[in-house]
Amino acid sequence: MTAVAWFKEGDRWIPSLFVGAFLVILAVKGTMIWLALSTFGGLATADYYDRGRTYNETLATAEAMAALGWQVDVRSTPMEDGMYLMEATLLDDEGAPLLGADVTGNLVRPSSDEEDMALVLVAQEAGRWAVQVPPGLWELRLLVERDGMQLASGHRLELVP
């Protein structure tokens, strides 16, 4: 008895159905693998290994910044041209306006580093700095420097028109 004899005349398409189903599964999985490898990998930090190795230094720096007692308040207001005026108010450890500081920052997209931009905030009045920023979902990373001391501050901005 041959293997063909096990099948009736109308049942010979069944093995082809199994082979075809496995080929469809293989094609779908191959497409998913290709998409996973060719799209955004999720890491926007290039030096993640070095940052992990120096984590204790990062904690010590954060403690030194917190000991300064400086306070940062960030507010944004929409402008007529579609941009936003982002203002940072800085106070020292006694609650007085922080004078004579240099304030710079980075505007970073949470999902990609392609649109990141550096900012230089301009002093407006005692303890207040401002810059115009475009709309969108941003992470604002400010760096305040005065008399050799530094404070880093992060803020989430949802600037939606």
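Rule-based calculations on the coordinates, nothing more; no lab input. This structure is a prediction, so every number in the text was calculated from the model and none was measured. Glycine also receives a Cβ, built like all others from the backbone with ideal geometry; neighbour counts cover every protein chain displayed.
Listing for the model above:
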quantity: Cα gyration tensor shape for segment 34-98, rounded if a/c is under 1.5, else prolate or oblate; calculated: oblate
quantity: At q = 0.12, 0.20, 0.25 Å⁻¹, base-10 log of I(q)/I(0) for segment 70-159 (Debye sum, equal scatterers on each alpha carbon); calculated: -0.35, -0.92, -1.31
quantity: Selected from Glu63, Glu80, Glu114 as most flexible by GNM, with the chain as the system and alpha-carbon contacts under 10 Å; calculated: Glu80
quantity: Residue-span extension gain [Glu145 to Thr31] - 0.36 nm each, minus C-alpha spacing; calculated: 36.0 nm
quantity: Förster-model FRET efficiency, 25 Å R0, Val122 and Glu94, C-beta, rounded to 0.05; calculated: 0.50
quantity: Cα shape, segment 109-150, gyration tensor, a/c 1.5 rule; calculated: oblate
quantity: Euclidean distance of C-alpha centroids, segment 126-143 and segment 24-91, integer Å; calculated: 15 Å
quantity: Calculated [θ] (222 nm, deg cm²/dmol) that DSSP helices of n ≥ 4 give over the chain, each run adding -39,500 (n - 2.57); calculated: -9000 deg cm²/dmol
quantity: For Rg/Rh (Cα atoms, Kirkwood Rh), calculated from these coordinates, the label among [x] 1.11; [y] 1.39; [z] 0.96; calculated: [y]
